[in-house]
Amino acid sequence: MRGTRAQTNTGRKEGVNLNKQQKQKKETTIDSYYSPNGTEGERSANDKPEIPANWIQAVEELKTQLREAEDNREKNLKIKISHLETEALELKQENSVLKAKIIQLENEAKEMKDEIKRMKDDLQRNSDQKEKDDQKAKDEIQSLRTRVKQLESSDLTRQQDTIKQNKKNEKIEENVKHLIHKTDDLENCSRRDNLRIIGLPEDHNKRKSLDIILEEIIQENCPKILEQEGKVEIERIHRSPPIFNPQLTTPRNVIATFKNNQIKEQVLQAAKKKPFRYHGNMVRITQDLSASILTDQKAWNMIFWKARELGLQPRIKYPSKLTIFLQGKVWSFNTTEEFQAFINKRPDLNRKFEVQSQNSRESSKGN
């Protein structure tokens, strides 16, 4: 088979060479035929008939035209070949550009494949991690539910304990209030023989003892008591608080304990009827009470003085109850709120208290 292919190629080459020789022979024969100096023309000059001159000129013109046509054809072929070479070069360049693009696209495709693979791996990892997280969250939720149930159970137990404790605390508070009330009552009972002297200047007891000063106050303001009872026996008398505070502008109160409760009550009733004086100074004598009772009674001060100015004959009774005399009837109030609700139902009385309160404020500003 290899020999057959070689013979075939050799035959083809010989055929091509023969064609080329025949063409050259034909061309040479024609040129030599019409050439004035050709050998063939000389050889056949005697045999051929004489050719007319116009034919020869036409042949020459035709040869010239053929040469020009061949030149033009060669030029056109060269131009076409140049164009084809340019186009081939451009195509080659485009081909190289396309190859570069193809290589780039292949690289990009490879990168995309790698990226897709990486993304798939990431998604798979994320999916696995999400499943783990979901499972962990489910476990935590279950744990939290268990803890919530435990907390609810313990909270219910605590609530029950709190209710029990609140009941105990309420009972303790009631007991404490009862004990405080009993303590106050006991303290006030222990003070029942005491009188409190308010407003006695501090310099008086520098010259005289307090028991002598008290006897002089009684002598000056209610001498009948001394005339009936003779000498007033004092068990104990002192200033309260016992430590002198130089920052206080008002004199300390004097606490006097009477041996005879009847004399103490007579002095107290006399002090309620009229204000007492001692050497020109106004002094006030009241029942000695515990600090809590005094605080409760102090809340009535403004109302007490307003009611007195309106002629309602106010009284503060033990422990801290206010009474007034209105329209022929005695009214009593345990708290200031009860009194405020009472006057709110009586516009005339409420208006009087408001006017009186305004006048009191204006007078206090003027002073």
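Beyond 13 Å, how much of the Cα-Cα pair distribution for the stretch 290-358 remains, as a whole percent? Cα-Cα pairs of the stretch 290-358 separated by over 13 Å account for 64 percent. Within the shell defined by Cβ-Cβ distances under 13 Å, the residues around K167 carry a net charge of -1, with Lys and Arg each +1 and Asp and Glu each -1. For the stretch 194-288, carbon and sulfur atoms together expose 50% of the accessible surface, with a 1.4 angstrom probe and every protein chain in place. Packing, as the average of other Cβ atoms within 10 Å across residues, places the peptides 191-201, 324-334 in the order 191-201, 324-334, highest first.
Positive end of the dipole of the stretch 290-358 (Cβ unit charges, origin at the Cα centre): among N334, N301, G311, the Cα lying farthest that way belongs to G311. Taking only the Cα atoms of the stretch 91-199, the ratio Rg/Rh comes out at 1.82, with Rh defined as the Kirkwood radius. Taking the Cα centre of the stretch 96-244 as reference, the dipole from Cβ charges on Lys and Arg (+1) and Asp and Glu (-1) amounts to some 980 debye. Beyond 24 Å in Cα-Cα separation lie the following of the pairs K168/K321; K306/K329; K177/K264; K272/K298: K168/K321; K177/K264.
Estimated at 0.36 nm per residue, the fully extended path between I163 and A291 surpasses their Cα-Cα distance by 42.6 nm. A crude spin-label estimate for the pair Q65 and S240, with each label 7 Å from Cα along the Cβ direction, gives 16.1 nm.
Here the stretch 154-283 was treated as a single set of alpha-carbon atoms; its pair distances binned every 10 Å from 0 give 10, 31, 23, 12, 9, 8, 5, 1 percent. Could you check the simple spin-label distance between K259 and Q313, using points 7 Å along Cα→Cβ, in nm with one decimal? Between K259 and Q313, the simple spin-label model gives 3.8 nm.
For D121 and K273, the difference between the fully extended length at 0.36 nm per residue and the C-alpha to C-alpha distance is 44.1 nm. In the stretch 59-153, inverting the average of 1/r over every pair of distinct C-alpha atoms gives 21.1 Å as the Kirkwood radius.
Among the trypsin sites (Lys or Arg not before Pro) within the stretch 245-312, those in coil by DSSP and having at most 12 neighbouring Cβ atoms inside 10 Å are K259. Applying 1/(1 + (r/R0)^6) with R0 = 35 Å to the Cβ-Cβ distance of I81 and K101, what FRET efficiency is obtained, to the nearest 0.05? Here the calculated transfer efficiency is 0.75.
The values are calculated or read from the model by the stated rules, or taken from the named source; none is laboratory data. Keep in mind it's a predicted model, so treat the numbers as computed, not measured. Positions of Cβ are generated from backbone atoms using ideal geometry, with glycine treated the same way; all protein chains shown enter the neighbour counts. All accessible areas refer to the heavy atoms of the entire protein, side chains included, with ligands and DNA or RNA removed. Shrake-Rupley method; radii C 1.70, N 1.55, O 1.52, S 1.80 Å.
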